[in-house]
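J.: What follows is a single structure, and I will ask about it in a moment.
Only the coordinates and a few stated rules stand behind these numbers; no lab work does. From a predicted model like this one, the values you see are computed outputs, not experimental measurements. With ideal geometry, Cβ positions are generated from the backbone for all residues, glycine too; neighbour counts draw on all protein chains shown.
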């Protein structure tokens with residue numbers, strides 16, 4: 001799971017194994033350790049209708065409706081967004097990069113732009 005934060009915007013990117021974990025455990029959490037404390041972030045699967053997020057005690061948690069999770073897993077849909085609250089939210093599949101990067105991308109989804117370029 002990757003997060004990108006810019007101002008009042010949160011973007012979560014999920015790999016194939018992140019989806020498997022969410023489906024089995026209904027939650028995925030990660031953390032970044034700093035000198036003065038730990039920043040914890042994650043996603044929990046809910047029965048809600050909309051994406052939402054909360055931040056408490058250094059923990060950021062995105063609530064992902066189970067219907068959205070299943071649609072992302074079973075279709076070509078790239079992601080969902082909710083920009084109706086104080087923070088704009090986006091959750092999407094993590095695609096392989098178009099340019100060469102050193103990071104391991106073996107768990108990422110195939111980039112649909114690469115498939116278009118080869119046709």
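J.: What is the spin-label model distance, in nm, from residue 54 to residue 113 if the labels are put 7 Å beyond Cα along the C-beta direction?
T.: That separation, rounded to one decimal, is 3.7 nm.
J.: Next up: Using only C-alpha atoms and all pairs of different ones, pull out the Kirkwood radius for region 2-93 in Å with one decimal.
T.: 13.5
J.: If I model a spin label as a point 7 Å beyond the Cα along the Cα-Cβ vector, how far apart are those points for residue 38 and residue 63 in nm?
T.: Between residue 38 and residue 63, the simple spin-label model gives 2.4 nm.
J.: Given a cut-off of under 8 Å on Cα pairs at least six residues apart, what relative contact order in percent is computed for region 2-93?
T.: 28
J.: Any chance you could run the full-extension gain for residue 71 through residue 24? It's 0.36 nm times the residue separation minus the Cα-Cα distance, nm to one decimal.
T.: Full extension from residue 71 to residue 24 adds 15.4 nm.
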